[in-house]
1. Quick check on my filter: what residues within segment 142-170 are outside any helix (DSSP H, G or I) and either surrounded by fewer than 18 Cβ atoms within 10 Å (Cβ to Cβ) or at pLDDT 95 or above (or both)?
2. Scan G84, G119, G105 and give me the residue that is among the small types (G, A, S), surrounded by 15 or more Cβ atoms within 10 Å (Cβ to Cβ) and within 29 Å of E177 (Cα to Cα).
3. Within segment 171-217, take every residue that is assigned to a loop (DSSP other than H, G, I, E, B) and among the aliphatic types (A, V, I, L, M) and give me the one that is nearest to G142 (Cα to Cα).
4. Just wondering, is there one or more residues in segment 276-298 that are part of a strand (DSSP E or B), acidic (D, E) and under 20 Å from Y343 (Cα atoms)?
5. Restricting to segment 129-141, name every residue that is in a helix (DSSP H, G or I) and surrounded by fewer than 20 Cβ atoms within 10 Å (Cβ to Cβ).
6. Among the residues of segment 316-358, write down those that are assigned to a loop (DSSP other than H, G, I, E, B) and either of a type in the set (D, E, K, R) or at pLDDT 90 or above (or both).
7. Could you say which residue among F58, F10 is aromatic (F, W, Y) and more than 27 Å from V345 (Cα to Cα)?
8. Within the set of pairs 6 or more residues apart or between chains, which connect a residue that is more than 17 Å from E268 (Cβ to Cβ) inside segment 329-352 to a residue that is assigned to a helix (DSSP H, G or I) and of a type in the set (D, E) with Cβ atoms less than 9 Å apart?
Amino acid sequence: MDKILKMTDFERSLIGWYHISKRDLPWRKTSNPYHVWVSEIILQQTQISQGTNYYLNFLSKFPDIQRLANAPIDEVLKVWQGLGYYSRARNFHEAAKTVVDQYDGIIPSSKSELQKLKGIGPYTAAAIASIAFGEKCVVVDGNVVRLLSRYFAMDVPVDTGKGRKVIEKLATNLLDEAKPGDFNEAMMDLGAMVCKPSNPECNSCPLNSECKAFHLGQQDGFPVKLSKLTRKSRYFNYLIVTDGCSMRLKKRGKGDIWEGLYDFPLIETNSLMSTKDVKNKIAESWIGAEYKVNIVGDAVHILTHRNIHARFFLLKAKNAKDFPELFNGNKSINVALNELNSYPVPKLIENKINDLLF
């Protein structure tokens, strides 16, 4: 009986706080499942501050599932440009086509059915199902993991299979079954706004009376994690081949970062190349050509699992369109300077194009 009472107090305190303090976000002003889906895909690996404008822009370009399904993938990637994790956009596009072709354009309402769509895992499926359709299921993101691990002073590492199961069970036991969508959004908001990774605002937390980590003074000790993320370095030597009127771009292949986007021809090495190294490499295939090579900048682009060390070489040539396909058989194309902005490119490349042209 005591356990049931405490869980009721948890829900009451949480939802009461949420109704007063919840964030004013555009996707919370609608229960349209397509809008909820768009927001969840964008926010998978993106901060709300960055994702909000992308959400609004995405809906202005693709206001419904039919428009998205019918759009060319390059158009979708262009709208997504700058958000990173481009597989989200590709998978969303494929899933939209599946909904139109196999579900008559009606988005599935259950978590289990949603998970059959490409790019939708347990978390995203639970979010859409609970928020848009009221299904009784929990959403467990990093904010929820941190909140519950502190509330229960959970000593099981949360980045293990056992830890994930414990967190999901705890969240399920606490779930407000009458309003699962509100409960899930309240948990995520409280974790993001109050139970923050560092300097949590415990004195203003509606759950502090029962929070074990707070009473132990050990908030910084939770969540417990088994491992830390390590990043590997990659070295990209980009060749910006131009004749003053156009540049060479190539479409990135499958199975690597930025799949389907365009960047410059590149040589990947174990360390950044010198101008002399690049000239020697080009001379192997571009015999007798007239060109000049200069370094026009270095950059480090940080991804979740990779640090990309990039060096940009400006290669001015009389006939850029005749530049040979030197690298791994990836075909490059000649693009007029005034058409460069119509191609979806990684942020690293967008910044360099803007630096050179504007």
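The values are calculated or read from the model by the stated rules, or taken from the named source; none is laboratory data. As the structure is a prediction and not an experimental result, all values here were calculated from the model. Reconstructed Cβ throughout: ideal geometry from the backbone, glycine too, with neighbour counts over all protein chains shown.
1. F152, A153, D155, V156, P157, D159, T160
2. On the way: G84 fails: within 29 Å of E177 (Cα to Cα); G105 fails: surrounded by 15 or more Cβ atoms within 10 Å (Cβ to Cβ).
Among G84, G119, G105, only G119 is among the small types (G, A, S), surrounded by 15 or more Cβ atoms within 10 Å (Cβ to Cβ) and within 29 Å of E177 (Cα to Cα).
3. Within segment 171-217, the first condition is being assigned to a loop (DSSP other than H, G, I, E, B), and the residues that meet it are 175-179, 194-201, 205-211, 217.
Narrowing further to those that are among the aliphatic types (A, V, I, L, M): 175, 178, 194, 207.
Values: L175: 17, A178: 24, V194: 13, L207: 18 Å.
By that ranking, first place goes to V194.
4. Restricting attention to segment 276-298, the residues satisfying the condition of being part of a strand (DSSP E or B) are 291-298.
Checking the rest, the ones that are also acidic (D, E) come to 298.
Subsequent filtering for residues that are under 20 Å from Y343 (Cα atoms) retains none.
Within segment 276-298 (the criterion being part of a strand (DSSP E or B), acidic (D, E) and under 20 Å from Y343 (Cα atoms)), the answer is no, since none of the residues qualifies.
5. Matches in segment 129-141: F133 only.
6. Step one: filter segment 316-358 for residues assigned to a loop (DSSP other than H, G, I, E, B), giving 318-319, 323-331, 343-346, 358.
Of everything in segment 316-358, those that are assigned to a loop (DSSP other than H, G, I, E, B) and either of a type in the set (D, E, K, R) or at pLDDT 90 or above (or both) turn out to be K318, E325, K331, Y343, P344, V345, P346.
7. Details: F58 fails: more than 27 Å from V345 (Cα to Cα).
After applying the criteria, what remains is F10.
8. From segment 329-352, the pairs are N341/E350; S342/D74; Y343/D74; P344/D74; P344/E75.
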